[in-house]
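So the structure is just underneath, and the comments pick up after that.
The values are calculated or read from the model by the stated rules, or taken from the named source; none is laboratory data. Every value quoted in this text rests on a predicted model; they were computed, and no experiment measured them. So basically every Cβ, Gly included, is an ideal-geometry build from the backbone, and we count neighbours across all protein chains shown. Surface areas here come from the heavy atoms of the whole protein model, side chains and all, with no ligands, DNA or RNA. Shrake-Rupley method; radii C 1.70, N 1.55, O 1.52, S 1.80 Å.
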Amino acid sequence: MAEAAISIRNLVKRYAGAKGQLGKLALDDVSFDVPQGTIFGLLGPNGAGKSTLINTLAGLVTKTSGQVSIWGFDIDHDVRNAKRSIGIVPQEIVFDPFFTPAEVLEIQAGYYGVPRAARRTLELLGAVHLSDKANAYARTLSGGMKRRLLIAKAMVHSPPVLVLDEPTAGVDVELRRQLWELVGELNAQGVTVVLTTHYLEEAEQLCDRIAIINHGRLIANKSTAELLSTAREKIVVLTLDRDLPAGASLPSHPAFLKAQVTGERTIEITYDKDRTNAGEVLALVQGHGLAIDDVTTREADLEDVFVALTSAAHAA
Ligand code: ADP
């Protein structure tokens, strides 16, 4: 098997506390690999430790213990090569407003010591669809253009691994779609992509593999398909042949996780698919004296899985 793009072993980060007290344990013995060539999603609720992990990769946070290597280079013992192997797209947009996109990329390439002949300024601007803005002042770019420029800036030294921290936080639907496409294009060219996101739909659509952290601990690390298949819930939405009388009761069963009235004629039943099935649910509803006009079912999505996992871990 090819070596992992990123390998994290027993990573611990405890921030310094006030006056010699123990500070926050932001990462608690986290181990996982990001396989080469994937689009890897790092998910978790606010405060879970995602930024701490990304900032450790970026060399901005000093870990307390554990080993991290990027493209096979240990971040402690081979700092230079590790740094050259990764590009980080920060969440915040910071550019000098008086530089043009072409200058921003040239300066960044200089910072990484990329020789002039090896620079990819125009190619990168093309890749992020900013060729026609090469010589415009950065301050005249739209928010979406600035985000795309940040991605190009993270790629000047041609790193095999690109990390995006909340790439679509606060952006509109159209721009989100553009950024997803761009990430897909870079990945198709062989770049391994790691991204954090709050949008579970984004992770579900874009990522091959997903790790979830909660309270500093890794609670899941699976292919997106496998993770979705761990959901035990399934939802049936039933339209009845007439309005439900006020105060009508709904059928109950030990395998029903939730039964609720969602409209004058619709009820929604969430059930444990390991313990019953849609046929039995329908029979129970009919046996309860309700006649059914129409039926749709819905599989649990990543949001359902995420909520189940993070709330279970919290209760444990
Ligand atoms: P996320 O990115 O998932 O929201 P963070 O990595 O930012 O989570 O934070 C993880 C935990 O570490 C939180 O409890 C946060 O308050 C704490 N934390 C983050 N940065 C610092 C810091 N510089 N000093 C002390 N505690 C911090």
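Numerical summary
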item: The stretch 187-202, subset open to solvent by less than 10 Å² (accessible area, probe 1.4 Å) and within 16 Å of Pro35 (Cβ to Cβ), residue farthest from the ligand (Cβ to nearest atom); result: Thr192
item: Every residue from the stretch 22-37 that is β-branched (Val, Ile, Thr) and within 15 Å of the ligand (Cβ to nearest atom); result: Val30
item: Inter-residue pairs, beta-carbon under 9 Å, first free of Cβ contacts under 8 Å to residues at least 12 places away in the same chain and in the stretch 1-30, second of a type in the set (Phe, Trp, Tyr), 6+ apart; result: Gly23/Tyr15; Lys24/Tyr15
item: Residue check, Leu206 more than 16 Å from the ligand (Cβ to nearest atom), open to solvent by less than 50 Å² (accessible area, probe 1.4 Å) and touching a Phe, Trp or Tyr at 6+ places or on another chain (Cβ under 7 Å); result: yes
item: The lone exception for Ile8 - which of (1) in contact with a Phe, Trp or Tyr (Cβ under 8 Å, 6 or more places away or on another chain); (2) over 18 Å from Asn221 (Cβ atoms) it fails; result: (2)
item: One residue from Ala169, Ala127, Ala117 being surrounded by fewer than 20 Cβ atoms within 10 Å (Cβ to Cβ) and more than 21 Å from Ile86 (Cβ to Cβ); result: Ala117
item: Complete set of residues in the stretch 39-61 that are surrounded by fewer than 19 Cβ atoms within 10 Å (Cβ to Cβ), at negative phi and more than 11 Å from the ligand (Cβ to nearest atom); result: Ala58
item: Selection from the stretch 2-17 of residues that are more than 10 Å from the ligand (Cβ to nearest atom) and either more than 19 Å from Asn187 (Cα to Cα) or surrounded by 14 or more Cβ atoms within 10 Å (Cβ to Cβ) (or both); result: Ala4, Ala5, Ile6, Ser7, Ile8, Arg9, Asn10, Leu11, Val12
item: Criterion: touching a Pro at 6+ places or on another chain (Cβ under 8 Å) and either charged (D, E, K, R) or open to solvent by less than 70 Å² (accessible area, probe 1.4 Å) (or both) - qualifying residue of Leu227, Leu284, Leu238, Leu302; result: Leu284
